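Encoded as structure tokens, the structure appears first; notes follow it.
The values are calculated or read from the model by the stated rules, or taken from the named source; none is laboratory data. Please read all numbers here as calculations on a predicted model, not as lab measurements. Positions of Cβ are generated from backbone atoms using ideal geometry, with glycine treated the same way; all protein chains shown enter the neighbour counts. When the accessible area is computed, the model is the full protein with side chains, heavy atoms only, and any ligands, DNA or RNA have been set aside. Shrake-Rupley method; radii C 1.70, N 1.55, O 1.52, S 1.80 Å.
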Amino acid sequence: MLSLNKFTRAERYLRKISFISQEADQINFIASNAEFKQCLLTLIAQAKSRIYLTALYFQNDEAGQEVLEALYQAKLARPELEIKILVDWHRAQRGLIGAEDQSSNADWYAEVRRKYNLPVDNDIAFYGVPVNRREIFGVLHLKGFIIDNTVLYSGASINNVYLHQLDRYRYDRYHQLANKKLADTFVSLIEQHILSDEVVRRLDEERPKTKEIRPLIKLFRKKLSQVHYDFVGQTMSDNELMISPLIGLGRKNRLNKTIEALFSQAQEKLIICTPYFNLPRSLSTRVSWLLSKGVQVEIIVGDKTANDFYTPPEEKFTTVSAVPYLYEKNLRFFAKRLDTYIQSGQLVIRLWKHEQNTYHLKGVWVDNRYVLLTGNNLNPRAWKLDAENAILISDPQESLKEKVANELQQIRTHTMVLTSYNLLDKQKDYPEKVRKLLRKLGRVRLDRIVRMLL
């Protein structure tokens, strides 16, 4: 259990963080995937000096093709426009899991580059960033699209479901922040600490095999784990809306510590969103402590059928098809342990489900003071393996209160409140192939390792 002085230490930690002043009317809470896509395309069309896109992946599908075409049209209209795109090195060079067509996104980047044949020293550049020697042990999970002096921040990557191009969508959070210092800070880290490293290579031209650069990847990971967003900031004010960009890689990084401090700061209510329920022990312990102190906790998580790895029982079963069931097992165990608080209404667990769509929201809300925009899944993988970032909003005067309330109301729209852990399926209720795999994992105690990697 946490002691009361955890609250004091957490407050001191947050007050040592450097912040940037932010105008409330310069933060736009975007309501939907489609609106996010249109905002991105509009900003690209209007860009004057720079476009930096950082995401896990940029997919060769209808939505990806539309965005890439928009980028090339902007470049042709304004040749001086600097356009750089950063994606995960490993993810860009493999096909989709289970897909028959194994051509990679990197192949597509190169093909489009040859098509437009822009000057080599002034074209659109795709970079692959290797966070670890194998994808399973860490990926580039940094978020943020910088277009001139605007930061478009979301957990979304670029593909059909994230941008709701066709019938289905993957629900996320979307925010537009107009702030030159924030945009400069994001670009500075990319240029000084990522693109400057020799291990970060162009994906749209001849590139080495991963095994050839593994020693460099190891060194780069160590370096990246020690960097932070560098800017001339100020301490947090109790009278002013402020924001702070955060980055983290590795177990005890600054972002992890900030999230832990946010959990410990809640006095009235903590709200968290995560698509994959598998809280790190430090966060799970803090939730239990908050409940014991009378703090209300609300957790909004995706139903197993809203998980992007979910496979309907009638479709072909693969190993990854068991992943949503592992998350549901975690949630059931957690809800059973804290069922007293569920019955009293102090702990509210909401399951999101909307037709055949999927859920990808992440975030933390503390009282009416703090809001965390992040792609961090709040799970052991994010805590230890992936490179993550976030924007922390401190809003002491509640100048964003209406926008925040509207966002939360929308997030709750397609949710069901879990009134008892018994409403979640037991393992015996799962499809036979899922039960068989979970029993096999349990016998050799591999389930603990799998949970750490998910």
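The selection criterion, being in a helix (DSSP H, G or I), free of Cβ contacts under 8 Å to residues at least 60 places away in the same chain, open to solvent by less than 10 Å² (accessible area, probe 1.4 Å) and touching a Phe, Trp or Tyr at 6+ places or on another chain (Cβ under 6 Å), holds for Tyr72. Beta carbons closer than 8 Å, at least 6 apart along the sequence or on distinct chains, pair a first residue in the range 109-125 that is closer than 18 Å to Gln93 by Cβ with a second that is open to solvent by 30 Å² or more (accessible area, probe 1.4 Å) for Ala110/Glu205; Arg113/Glu205; Ala125/Lys84; Ala125/Arg202. Selection over the range 306-319 of residues that are among the β-branched types (Val, Ile, Thr) and surrounded by 15 or more Cβ atoms within 10 Å (Cβ to Cβ) gives a count of 1.
Among residues of the range 119-138 being part of a loop (DSSP other than H, G, I, E, B) and open to solvent by less than 10 Å² (accessible area, probe 1.4 Å), the one that is nearest to Asn377 (Cα to Cα) is Gly138. Against the criterion of being outside any strand (DSSP E or B), over 16 Å from the mean Cα position of the chain (by Cα) and surrounded by fewer than 17 Cβ atoms within 10 Å (Cβ to Cβ), Lys252 qualifies.
Gln234 - would you say it is in contact (Cβ under 8 Å) with a residue 12 or more places away in the chain, more than 20 Å from Lys143 (Cβ to Cβ), open to solvent by 80 Å² or more (accessible area, probe 1.4 Å) and in contact with a strand residue (DSSP E or B) (Cβ under 7 Å, 6 or more places away or on another chain)? Criteria met by Gln234. Of all residues in the range 241-259, those that are at pLDDT below 95 have Cβ atoms under 6 Å from Cβ atoms of residues that are basic (Lys, Arg) and part of a helix (DSSP H, G or I), 6 or more apart or on another chain, in Arg251/Lys384. For first residues located in the range 277-305 and closer than 15 Å to Leu418 by Cβ and in a loop (DSSP other than H, G, I, E, B), partners that are open to solvent by less than 30 Å² (accessible area, probe 1.4 Å) and at pLDDT 95 or above and lie 6+ apart or on another chain with Cβ distances below 6 Å form the pairs Phe277/Val301; Phe277/Leu331; Asp303/Leu351.
The number of residues in the range 351-404 being without any contact (Cβ under 8 Å) to a residue 60 or more places away in the chain and open to solvent by less than 30 Å² (accessible area, probe 1.4 Å) comes to 1. Residue by residue through the range 160-180, note down the ones that are under 23 Å from Asn389 (Cβ atoms) and surrounded by fewer than 16 Cβ atoms within 10 Å (Cβ to Cβ). Within the range 160-180, Lys180 is the sole residue that qualifies.
Taking the listed residues Leu372, Leu392, Leu361, Leu347, the one that is modelled with pLDDT of 95 or more and either more than 20 Å from Gln265 (Cα to Cα) or among the polar types (S, T, N, Q) (or both) is Leu361, with no other qualifying.
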